Structures are given as structure tokens and as C-alpha cells.
Amino acid sequence: MDAWAVWLIIGVAFAVAEVMTLTLVLGMLATGAAAAALAAALGASTIWQLVVFCAVSALLLGGVFPIARRHRKAPPSMKSGTERLVGTQAITLTDVTTAVGGRVRIGGETWTARPYDVSQVIPAGEWVDIKAIDGVTAVVHPTTSPVTGSGSERIS
């Protein structure tokens, strides 16, 4: 069997294994084997075929793998939608009770609200911390420290 065919079989084996593992390493070795097959087809000696295989594989591993690994890392989780409201502050527009509910202003929007502590009544005009968002209802608790500047975000 010709040397180029052996390198081609090795390259295909690496490529099939890469599809099963998705690590990128075996794909780079498959590319190195394909380069060695090309060198063999052009008449290079066995030593030069090995040099081509090692050089191409090493260049790909050293150059592409760190870049690919950087891109595969998950970006820091960013809060969006209603998640971004949790931990911020709002002001009550009406009394907030468990039985009747109430209304709060969050960032210029009016939301329905209920108290975090079911036995609590929060009077209108009081600053509250948003503990959770349950559907379209803000679950609120009276704030212990109203925010006037930076720190925990106040959206109002």
C-alpha cells in the first residue's frame, strides 16, 4: 500500500474520532495526516512525511487550539429581562398586602406587587427591595437602606 494512502487512512480515522469527541485536537491531527499524505504523494521520504505531520499538527495545536478554547468559554452570565430587576429598589404606589396585593413603580413602569413576608403590610410611598419576580408580580420587602447613589441599583 502506498504511503499517501496510509496517511489518508490515518487522517480519516482521526477525523471520525474528532466527530465523536468534538475536542478539536483530533481534527488538527487529521489535518496533519492529510498534509503528510500530500507530502507522500509528492514523493517525500518517510522521515519528511513524519516531519510534515508533526509540524502541521504542532502549528495547528499551538495556534488554533488556544483561540478555539478562548471562544468556547462561556461568557459571564448577564441578567436580562425581569432577572435584572431582582435586587433593585422600587417605590410603592399603593399599600402592598398579601390579600389585595398592591402596585410599585420600577423604572418608570407600574407593576403589581405582593409582600415577601405574607404577614406584612407595606404602606404607600415606601422604598422596597425587589426580592423576586413571580410572573408579572414583583415580590417586595421594605428596604433597610435606601440607595441614593451607586451600589445596589435603584430603578425609579
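Miscellaneous remarks
- Volume of the Cα convex hull of segment 3-72, divided per residue and given in Å³: 60 Å³
- With the simple model of a label 7 Å out from the Cα in the direction of the Cβ, L61 to S77 spans 3.5 nm.
- All distinct Cα pairs of the chain go into the 1/r average, and the inverse of that average, the Kirkwood radius, is 20.4 Å.
- Placing dummy labels 7 Å off each Cα toward the beta-carbon, the span from R69 to S145 is 4.1 nm.
- Each Lys or Arg adds one and each Asp or Glu subtracts one; over the other residues with Cβ under 15 Å from the Cβ of V64, this totals +2.
- Shape index of segment 81-142: Rg/Rh, with Rg the Cα radius of gyration and Rh the Kirkwood radius from the inverse mean 1/r over Cα pairs, equals 0.91.
Throughout, read-outs are computed from the coordinates displayed, never taken from laboratory work. Bear in mind that the values here come from a model prediction, so they are computed numbers and not experimental data. Neighbour counts run over all protein chains shown; Cβ positions are idealised from the backbone, glycine included.
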